[in-house]
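The structure appears right after this line, and notes come after that.
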Amino acid sequence: MIVEQFFEDYEIGFARRSFGRTVTESDIVLHAGQSGDHFPHHMDAEWCATQEFGQRIAHGTLVFSLGVGLTASTINPRAMSYGYDRLRFIRPVFIGDTITAKARITEKRDHPRRTSHGIVVEALEVTNQRGEPVLACEHLYLVERKAAA
């Protein structure tokens, strides 16, 4: 879906929640192959059985990718991703866990050099099926203004 929103159209406090996404063994194996991260925490079930969590855990970068993807439901031709700040992996995500993402607009600010754009900050929280936070970060958007400031 395409939704055109200018910087002025974003409202602090606006929130949206995704559907759930169950993390599979295939997700972990594919991510390991793409990222080159074959650490035993993700790939070695026998070794993991001797560790604190007792089972393989999803890569933090996989959970981040899935969480961001869950919020990518619209295209705004007036905005683009400007990056991510304050990324934290709060709890492990295991094979079979179902994650959900919630995104909430927390801040709008001027861009330091581009008067034609502003920065919109969206807090992203990813939770597991028990409602426990597993990942948090801030997604920054570079958004076109209706008129240059």
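Only one residue in LEU30, LEU66, LEU87 is touching a Cys at 6+ places or on another chain (Cβ under 7 Å), modelled with pLDDT of 95 or more and of a type in the set (A, V, I, L, M). Which one?
LEU87
Restricting attention to region 108-124, which residues are within 17 Å of the chain's Cα centre (by Cα) and among the acidic types (Asp, Glu)?
Residue satisfying the conditions is GLU122 alone.
Would you call SER73 of a type in the set (S, T, N, Q) and under 30 Å from VAL143 (Cα atoms)?
yes
In this structure, is ARG78 loosely packed, with under 12 Cβ neighbours inside 10 Å, over 10 Å from the mean Cα position of the chain (by Cα) and touching a residue at least 24 places away in the same chain (Cβ under 8 Å)?
Against the criterion (loosely packed, with under 12 Cβ neighbours inside 10 Å, over 10 Å from the mean Cα position of the chain (by Cα) and touching a residue at least 24 places away in the same chain (Cβ under 8 Å)), ARG78 does not qualify.
Quick one: count up the residues across region 69-84 that are modelled with pLDDT under 95 and of a type in the set (A, V, I, L, M, F, W, C).
2
Could you tell me whether any residue of region 111-118 is at pLDDT 95 or above and within 30 Å of ALA58 (Cα to Cα)?
There is no residue in region 111-118 that is at pLDDT 95 or above and within 30 Å of ALA58 (Cα to Cα).
Condition check: part of a helix (DSSP H, G or I) and of a type in the set (Ser, Thr, Tyr). Does SER73 satisfy that?
no
Going through region 26-58 one residue at a time, which ones are outside any loop (DSSP other than H, G, I, E, B) and of a type in the set (Val, Ile, Thr)?
Within region 26-58, ILE28, VAL29, ILE57 meet the criteria.
Mind listing whichever residues of region 16-40 are among the hydroxyl-bearing types (Ser, Thr, Tyr) and touching a Gly at 6+ places or on another chain (Cβ under 9 Å)?
SER18, THR22, THR24
For residues that are touching a His at 6+ places or on another chain (Cβ under 8 Å) and surrounded by 14 or more Cβ atoms within 10 Å (Cβ to Cβ), tally how many sit in region 43-70.
Number satisfying all stated conditions: 9.
The values are calculated or read from the model by the stated rules, or taken from the named source; none is laboratory data. Note that the coordinates shown come from a computational prediction; the quantities given were computed from them, not determined experimentally. Here the Cβ is made from the backbone with ideal geometry for all residues, glycine too, and neighbour counts use every protein chain on show.
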